[in-house]
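Notes for the one structure printed next.
Rule-based calculations on the coordinates, nothing more; no lab input. A quick note: this is a predicted structure, and the numbers were derived from the prediction, not measured. Note: ideal-geometry Cβ built from the backbone for every residue, glycine included; neighbour counts use all protein chains shown.
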Amino acid sequence: MRIVVNDIAASTGGALTVLKDFYQYINENETEHEWIFLLGDSYIEQTDRIKVHVLPKIKRSRMKKLMFDFFTGRKYINAIKPDIVFSMQNILTFGVKAPQAVYIHQSLPFQKEKRFSFLKAAERAMAVYQYLIGAVIKLSACKADRIIVQTKWMKSALIEQLHIDDNRIAVVLPNVMESSKTAAAKEYRRNNFFYPTSNAVYKNNDCIFEACKILHGKGIDDFTVKLTISSDTPRRNVIYTGRISKDEVFDEYSRSVMVFPSYIETFGYPLAEARRMGCIILASDCAFSREILQGYENAYFFNPFKPEELAELMHQVITGAIEKKYVPDNSADSKNNTWRDVVREVTIL
């Protein structure tokens, strides 16, 4: 079969990592089908079985991308004569004369924790994704022949909000990176806290800052919280590391307690990674974190909009009221390469 993979939107960060991971699996394991990738730049190499079409103009603006999805893309893709089209970017190409599968990994339109405002500058980009791009994602889901999501809560949201037939949606857990080092080699300290984060509003860094203030008010000052962002605003007990490598992230998991106040995630990779490392995890009480941490004895939950609850959990960890338990690796994520399951779901169309 000839399979067109549309991932023009991928260019940086997690989306590009996912693209390269998928490509590596196809390159190393798939010999039966012909694969044609539509990308915004030359991020991967061509082979005898894998072709790459670079369409840089489409990537230059959101409007050109939407025009491709709704109008111009059908002509381009139909000319290739694919047997199947697989969109890895949440939105399918309308008008294509082939069955389409779409990989939906953008949770903003489906979550109920926060309604972002167009009137607030800090929230405007989130509001665009939640309401405008979100409407297109939902329309794509309704039109797709096959939908692949990463979690059960996303599948439930699609069924509840869009009334999509259960049989059209497959849940395939993403790959979770293995640590190259062992937790036993590091010295765990219960007053070290760590949050692999960014400056996105939904990452909810302010919850940590407020929790620190609450602890200060109780006379508790013997702790540190490391955040993987850069900032010119000094805060007591907070260390800004900036971006760090994956190995450094796993080092922090092994020696620290992870705090995770983010309230919008599709899967939440750090939760799965920290679970695999046996870390104490103080996590937002949301559907995604409950699913990823189900049955994990070192997980504790708090309302992400109530920093006093996070402060209380941090206090219990610092004082030893919450102790780190030895937990064998019984994480919910698969240790197998789950791209195999994605390929199976795509090729059954």
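For segment 21-146, state what percent of all Cα-Cα pairs lands in each successive 10 Å bin, counting from 0 Å until the bin that includes the largest distance.
So the P(r) values, bin by bin, are 12, 37, 34, 14, 3, 0.
Evaluated at 10 °C with a viscosity of 1.306 mPa s, what Stokes-Einstein diffusion coefficient in µm²/s does segment 183-319 have when Rh comes from the Kirkwood expression over alpha-carbon pairs?
108
With the dipole of segment 5-88 worked out from charges on the C-beta (+1 for Lys and Arg, -1 for Asp and Glu) around the Cα centre, which of LEU66, GLY40, PHE86 lies farthest toward the positive end?
Positive-end residue among those listed: LEU66.
Starting from the Cα-Cα distance between ALA135 and GLU297, subtract it from 0.36 nm times their residue separation and give me the gain in nm to one decimal.
54.5 nm
Using the charge dipole of the chain (Lys, Arg: +1 at Cβ; Asp, Glu: -1 at Cβ; taken about the Cα centre), state which of ALA125, PHE223, ILE104 has its Cα farthest towards the positive end.
Projecting each Cα onto the dipole axis, the largest value belongs to ALA125.
Suppose every Lys and Arg Cβ carries +1 and every Asp and Glu Cβ carries -1, with no other charges. What dipole size does segment 196-262 come out with about its Cα centre, to the nearest 20 debye?
120
If the chain between LYS324 and LYS81 were fully stretched, how many nm would it gain, using 0.36 nm times the residue separation less the Cα-Cα distance?
Using 0.36 nm per residue and subtracting the Cα-Cα distance, I get 81.9 nm.
Charges at C-beta only: +1 for Lys and Arg, -1 for Asp and Glu. How large is the resulting dipole of segment 82-181 about its Cα centre, in Debye rounded to 20?
In debye, rounded to 20, segment 82-181 gives about 300.
Taking springs between alpha-carbon atoms closer than 10 angstrom, which of PRO261, PRO196, PRO328 fluctuates most in the Gaussian network model of the chain?
Greatest mean-square fluctuation among the candidates belongs to PRO328.
Return the Rg/Rh ratio of the chain with Cα-based radii and a Kirkwood Rh.
Using only Cα positions, Rg/Rh for the chain is 0.99.
State the answer as a single residue: which of TYR300, ILE208, PHE193 lies farthest towards the positive end of the charge dipole of segment 183-319, with beta carbon charges of +1 for Lys and Arg and -1 for Asp and Glu, about the Cα centre.
After comparing all options, I get PHE193.
For a quick check, take a GNM of the chain with Cα springs below 10 Å and name the residue from PRO307, PRO56, PRO82 with the largest mean-square fluctuation.
PRO56
Could you give the radius of gyration (one decimal) and Dmax (whole number) of the Cα atoms in segment 1-93, in Å?
Answer for segment 1-93, Rg first and Dmax second: 12.5, 36 Å.
About the Cα centre of segment 245-349, how large is the charge dipole given +1 on each Lys and Arg Cβ and -1 on each Asp and Glu Cβ? Please answer in debye to the nearest 20.
Dipole of segment 245-349, to the nearest 20 debye: 260 debye.
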